[in-house]
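Okay, structure first, notes after.
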Amino acid sequence: MTDNKDTEKHEVETTGHVWDDDLREYNNPLPNWWLWTFYATIIFAVVYWILYPAWPVGDDYTKGVKTVTVTDEEGNELYSGHWNTRARLIDEMQNSASAQKQREYLESVSQASYEEILSDPDKMAFARSMGKVMFADNCAGCHGSGGQGVMPYFPNLVDDAWLWGGSVEKIEQTLLNGRQGNMPGFAQIQGQQAQDLAAYVLSLSGHEVDAGAAQRGKQAYNVCMGCHGADGTGNTAMGAANLTDSIWTYAQIPDAANLEEKKAMIKDVIQNGIQREMPAFGNRLSKEEIKMLTAYVHELGGGQ
Ligand code: HEC
Ligand code: HEC
């Protein structure tokens, strides 16, 4: 529509102003539907400002007149006051379909026995996902994010060797009440006797050691038997390590370069003992949380 002919054909209204003899200004009013939509958005905005939080005012903001009350399923008030996105979040976390589903699962898991949880893939999947989060929050700081532990401070939870037992009942006890790993030091065992005893201890886990030394060491092992057992398999009632498996929870035997270094490590344990403490969580976590963590840790260790 650039030339005059075209203009005439369409008979577009002009504003009546004329410049330079023939330069006119068209008058194209906005279509009504557009205008009304525009006015509607203005009205909507004003209503919105009145109802909801909207304008910053100094350090504060206009709160709006709309109020909400969020209650949990028992009718306890969780939030009451002006509408805001935090209230909406509280509401969603409390009443959304997924929150309700999570509660149902929690309910069913908390009522189920360990046997039922471990044998029901659905319940186990739920316990595993909750347990994983709780483990990251409460346990990973010591035991590592995957439960692999930190030698010699925090035991590995993913092997299936347990100081205190790997059944769900034992693991639950460990979490509820904590554990004191306590081996007294035997500073009086020195010199050749310590060498021989270390050799004997290593022979228990299949190390090739001097037979004479092991034989002599066996005598000295008398003082160890009360806790580690005559055969060296340990005692989960007092958290005494099994010395016959090749899994070490404290002595860093796998890092040793040779037999002498291994003996030195065992001697160090014999002479200095071990003091480690697993803190109790019974007062920090709910019964349901302990239950799901137990199922999770039990599975980490391959179950027992
Ligand atoms: C402050 C560090 C620390 C934290 C946090 C911690 N633990 Fe422990 N945990 C230990 C120590 C140390 C031991 C070893 C105790 C011993 O020597 O007998 C241990 C032992 C255990 C055992 C027994 C292992 C066995 O072989 O019998 C389990 C199971 C366990 N922890 C699970 C957990 C879980 C699950 C959490 C989180 C809820 C957790 N721990 C948090 C330090 C910690
Ligand atoms: C009063 C009980 C007790 C007596 C006695 C005892 N131990 Fe222990 N021993 C323990 C406990 C408990 C642990 C595990 C400590 C921990 O991990 O927190 C342990 C751990 C060990 C370990 C480390 C094992 C590993 O997996 O790293 C060795 C080695 C060991 N004992 C050797 C001996 C020898 C040798 C004697 C005899 C001189 C002896 N112990 C006497 C309770 C005892």
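The values are calculated or read from the model by the stated rules, or taken from the named source; none is laboratory data. In this text the structure is predicted, and so the values were computed from the model without any measurement. Virtual Cβ from ideal backbone geometry, glycine too; neighbours counted across all protein chains shown.
Answer with yes or no whether R179 is crowded, with 16+ Cβ neighbours inside 10 Å, modelled with pLDDT of 95 or more and closer than 28 Å to P279 by Cβ. Steps first, answer last, please.
Working: crowded, with 16+ Cβ neighbours inside 10 Å: yes; modelled with pLDDT of 95 or more: yes; closer than 28 Å to P279 by Cβ: yes.
Yes, satisfied.
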Would you check if G282 is out of contact with any helix residue (DSSP H, G or I) (no Cβ under 8 Å at 6 or more places or on another chain), of a type in the set (G, A, S) and closer than 30 Å to L106 by Cβ? no
Matching residues in segment 271-285 - criterion: being more than 11 Å from ligand 2 (Cβ to nearest atom) and at positive phi: none
I need the full set of residues from segment 182-228 which are surrounded by 18 or more Cβ atoms within 10 Å (Cβ to Cβ) and within 16 Å of ligand 1 (Cβ to nearest atom), in order please. M183, H228
Consider only pairs whose beta carbons are under 8 Å apart and that are at least six residues apart or on different chains; among these, list those whose first residue lies in segment 272-287 and is closer than 16 Å to G181 by Cα and in a strand (DSSP E or B) and whose second residue is hydrophobic (A, V, I, L, M, F, W, C) and more than 8 Å from ligand 2 (Cβ to nearest atom). R276/F154
If I go through segment 241-276 residue by residue, how many of them are β-branched (V, I, T) and within 16 Å of ligand 1 (Cβ to nearest atom)? 5
For segment 180-207, which residues satisfy the criterion of being away from ligand 2 (no atom under 11 Å from the Cβ) and in contact with a Leu (Cβ under 8 Å, 6 or more places away or on another chain)? H207
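Of the residues in segment 288-303, how many are more than 10 Å from ligand 1 (Cβ to nearest atom) and not in a helix (DSSP H, G or I)?
The first filter runs over segment 288-303 and keeps only residues more than 10 Å from ligand 1 (Cβ to nearest atom), leaving 288, 291-292, 295, 299, 302-303.
The next check asks that each one be not in a helix (DSSP H, G or I); those that pass are 302-303.
Within segment 288-303, residues that are more than 10 Å from ligand 1 (Cβ to nearest atom) and not in a helix (DSSP H, G or I) number 2.
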What about G232, is it outside any helix (DSSP H, G or I), assigned by TED's automatic domain parsing to the domain that holds Q252, out of contact with any His (no Cβ under 7 Å at 6 or more places or on another chain) and in contact (Cβ under 8 Å) with a residue 12 or more places away in the chain? yes
For segment 150-160, give me each residue that is near ligand 1 (Cβ under 9 Å from one of its atoms) and surrounded by fewer than 19 Cβ atoms within 10 Å (Cβ to Cβ). Y153, F154, D159
